[in-house]
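Working notes, structure below.
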Amino acid sequence: MSSDIVVCPNCRTNLQNSANIAGQIVACPKCQSQLQMPALSIPVASPQLPTPVELPPAIDLPPTIPVNVTGGSGIHGTNMPVVQSGRAKKTTSTSVNDRLRKKSNPLIIVFAAMITLIVIGVGVIAVLWEQSEKGKQQFGNKMVGNWELIPGQSQLERWDFAFHDDRKMQMALGNQLSEGRWKVTSVQGETGYLLIEWPDEAPETMRVRFEGGTMQIQLESVGSFAFRAAVP
């Protein structure tokens, strides 16, 4: 029976207990006998459990084969040597070569080879040009100065040349003085070739060769003669 219903001990009448009369002495409405109402019972709430989480089904894994660090597999508990298959190595090497062949483009290889040859050619030309310019500069330095005709080669009393650093020159032929410009165009060993430019005449090539302290020159207009350094 619920604690909220109280039975009168005298007339057996069911009395309703409430918060207003709980714990107090009251009179039975039927027989007027005195009785004490009990305290109301406090319902205890049952704890709520969390909703269970459904787990995924278990997966059957293959059995683990223990590996012996001493060099063998532990299937039977013996130290069996690990044998590497040569077929696997060959397959790996072949796959790498295949990838290299796929990535290699013949046009790219040809283009790279052409670029390399061009760079090498330009470098060789630059070195040769530098050596040529250096040789012409050195040959021109040897020519700078005053030169006079060695006696006994001509009936002329005077034939002198004066070559200057600024590439200007004078030629005294007898009583006639001519001025022009000179430039070393090429050098082959001890022989050099000069371009002589006269103001009123066509330019001509002078072949010059140094031998034993003398300067051998050859002009198309006058021929070949030997000169020596003039005493200042």
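Bear in mind these aren't lab numbers, they're just calculated from the coordinates by the rules spelled out. Note that this is a predicted model, so its numbers are computed, not measured. A quick note on method: Cβ atoms are made from the backbone with ideal geometry, for glycine too, and the neighbour counts reach across all protein chains shown.
Values as computed for the structure displayed
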{"item": "Gap separating the Cα centres of the range 112-157 and the range 169-232, nearest whole Å", "result": "16 Å"}
{"item": "Net charge of neighbours whose Cβ lies under 14 Å from the Cβ of residue 202, counting Lys and Arg as +1 and Asp and Glu as -1", "result": "-4"}
{"item": "Total formal charge among the other residues, if their Cβ is under 14 angstrom from that of residue 187, Lys/Arg +1 and Asp/Glu -1", "result": "+3"}
{"item": "Selection from 172, 189, 205, by position along the positive dipole direction of the range 142-229 (Cβ)", "result": "189"}
{"item": "Estimated FRET transfer efficiency (residue 110, residue 207; beta-carbon r; R0 45 Å; 0.05)", "result": "0.45"}
{"item": "Nearest-0.05 FRET efficiency for residue 177 and residue 125, computed from C-beta distance (R0 41 Å)", "result": "0.45"}
{"item": "Segment residue 164-residue 19, extension gain: residue separation times 0.36 nm, minus the distance between their alpha carbons", "result": "38.4 nm"}
{"item": "Net +/- balance of residues flanking residue 226 in space, Cβ distance below 12 Å, scoring K and R +1, D and E -1", "result": "0"}
{"item": "Added length on full extension, which subtracts the Cα-Cα distance from 0.36 nm per residue, residue 118 to residue 226", "result": "34.3 nm"}
{"item": "Efficiency of FRET between residue 190 and residue 156 - r from beta-carbon atoms, R0 25 angstrom, step 0.05", "result": "0.45"}
